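Where a number appears in this text, it was derived from the coordinates with a stated rule and is not lab data. All figures in this text were calculated on a predicted structure; none of them were measured in a lab. All Cβ positions, even for glycine, are placed from backbone atoms using ideal geometry, and neighbour counts span all protein chains on display.
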Amino acid sequence: MDNKKRLIALAFCGLASVAHAGEKEELLKLRNTTTNLIKELVKQGILTEKVADEMIKKAEADAEHQAEQQAAQQVDAPEPGEVRVPYVPEFVKDEIRQQVRTELRADVVHDVMQEAKTQKWGVPDALPEWISRFKLSGDLRLRSQNDFMGDENQAGSYFDFQAINRLGGISSAGLNGFVNTTNDRHRFRERLRLAIDAKVVEGLKAGVRLATGNIPDPVSTNQTLGNTGSQYEFNIDRAYLKYDAVNAEGFKWLTLSGGRIANPWYVGGGEFTGGSEMVWDTDLSFEGFAATFRQGLGGLDSRHHEDDDKHSVFATVGAFPLQESALSENDKWLFGSQVGLDWGFENQDALKMAFAYFDYENTKARPNQNTPATCDTNSPDNNLSVPQFMQFGNTMAIICYDNDNVFPGQYGLASDYNIINASAAYDVARFAPHHLIVGVDYAKNVGFDAASVQQLVGAAVDDETNAWQVRIDFGWPKVDHAGQWNVFTLYKYVERDAVFDAYSDSDFHLGGTNAKGWVVGGNYGLMKNVWATGRWLSTDVITGPKYGNDILQLDLNTRF
């Protein structure tokens, strides 16, 4: 094989170095003979096409080099009386010109096109380069919501502790201090969210999202229509920095985020289901810092494998200040950790599961020990134990009384909340393009101490600290074109002190805990990025006086 390569190379060198022959036919004959020889060797399997191409390129390069050397020798100063006339056949000159044109054309066109793309040549009103680092997106939802109260519900059955704390006690709140359990409600609501993402450097992103809603409510971005023409509140829902570390093979092994961030925890369910809202409402943003580590399991060693994105384990940790005060050392915090598995199968099925632990610090009520135990004599530390936001369900304890020391003035949570949470979902892809996803979610508050709660409340309180949910989704993984659809159903059972009621689902039983019931619904694509959603929620309390409700939500959604 080596001898053949050398013979072919010499043949090409001879082609380029024929001196002053001026005979085009002879050169073409030698060239064609050599080319045909190489093709025959490829045809017989002696050479591969790749080796043949490399040999031809090398022979041509050697020929060009020898031609340059000869040209250099010919332009040397001639001896006295000697005249040298270098000669290159015209057809060789033509081929050289054509080859140079072809090579230059490709390089020049590539360079010009790249420069035009970078500088935006010919683009009307082309914007500066820095603007390309920003991405603007958003969504708008119009909702019709109808709340139907059960016929057996009794008025004044449950205190509205959020209203009581806000209005200064039971006596000041009056009828506003009770949860509405008897009056049906019909309203139109709107949600608008605008997000701006900016690429700072490779891997580092800054993000801001604005949303409708109201500041005291962390779990809803809905704006109810009917404000006598008053303008809507538009608040900073998220503001964060996010860093993604990617290795040389493209595997994202680390994510760091800080500020007001999206939920960093896996909550069960598939990507298009929205997951479970049993512990965290989907509208909740987290203030603080989180880190997620991922390790691919595609190979048996530490090297990256093409299946690492499908087979991986992950771990997330986070620390979030809930309420800070300059006059107290008992600031409220949430600390969390989660480990999980993300596993894809060859048939395109997928399994994702995680186990988490969430620890709430300094959220338990600290009653005023002064005599009289009125709210105006509370220490700042006791005032801090008053929750800034509550929904419904958690066991409450009196922190202080009104100025007459008769009626309760402020309430706080009677239990600690240390929650273990296990979530999983299995995505069945055999019906593609439709997917079947089965998700389960379980939570338990292991921080509940019956003796401590009884001491605060003044009466025995049952241990009701379990919550679970099963959800089934079927349909298109993402509804963003006309005719696409998916349907879903779930059953949820959330006992009174199983989770922190302030952050749980704000729609199920109109928010909070101590509720059980069904949800059915679906999505249907009307046009690109426009779809309709319908949900029916039928729920009841688990313990306490009869309080059931049914909720119908009809949404028109669009994203841009």
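Structure data summary
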item: Rg over Rh [alpha-carbon atoms, Kirkwood Rh] for the stretch 143-559; result: 0.98
item: Too-long pairs where the Cα-Cα distance tops 30 Å, listed order kept, from Lys444/Lys528; Lys135/Lys310; Lys242/Lys492; Lys242/Lys332; Lys205/Lys478; result: Lys444/Lys528; Lys242/Lys492
item: Fewest-first sequence of Phe293, Phe314, Phe134 by Cβ atoms within 10 Å of each Cβ; result: Phe134, Phe293, Phe314
item: Radius 11 Å from Cβ of Phe560, net charge of other residues (Lys, Arg +1; Asp, Glu -1); result: +2
item: Phi-based couplings in Hz for the stretch 182-187 (Karplus 6.51, -1.76, 1.60; Gly and Pro marked x); result: 10, 9, 5, 9, 10, 8
item: Gained length - Ile236 relative to Arg97, 0.36 nm times residue gap less alpha-carbon distance; result: 43.6 nm
item: Phi-based couplings in Hz for the stretch 223-229 (Karplus 6.51, -1.76, 1.60; Gly and Pro marked x); result: 10, 6, 6, x, 10, 6, x
item: Cβ-derived FRET efficiency at R0 25 Å, Leu140 paired with Asp184, nearest 0.05; result: 0.40
item: Ranking of Tyr240, Tyr417, Tyr357 by count of other Cβ atoms within 10 Å, fewest first; result: Tyr357, Tyr240, Tyr417
item: Sum of side-chain charges, Tyr547 neighbourhood, beta-carbon under 11 Å (Lys, Arg +1; Asp, Glu -1); result: -1
item: Stretchable slack from Ile196 to Val317, in nm (0.36 nm times residue separation minus alpha-carbon distance); result: 41.0 nm
item: Inter-probe distance in nm under a simple model that places probes 7 Å from Cα toward Cβ, at Leu351 and Asn36; result: 6.6 nm
item: Fewest-first sequence of Met527, Met149, Met396 by Cβ atoms within 10 Å of each Cβ; result: Met527, Met149, Met396
item: Charge dipole (the stretch 143-559, unit charges on Cβ, about Cα centre) - positive-most of Asn214, Tyr503, Asn180; result: Asn214
item: Debye, to nearest 20: dipole size of the stretch 143-559, +1 on Lys, Arg Cβ, -1 on Asp, Glu Cβ; result: 960 debye
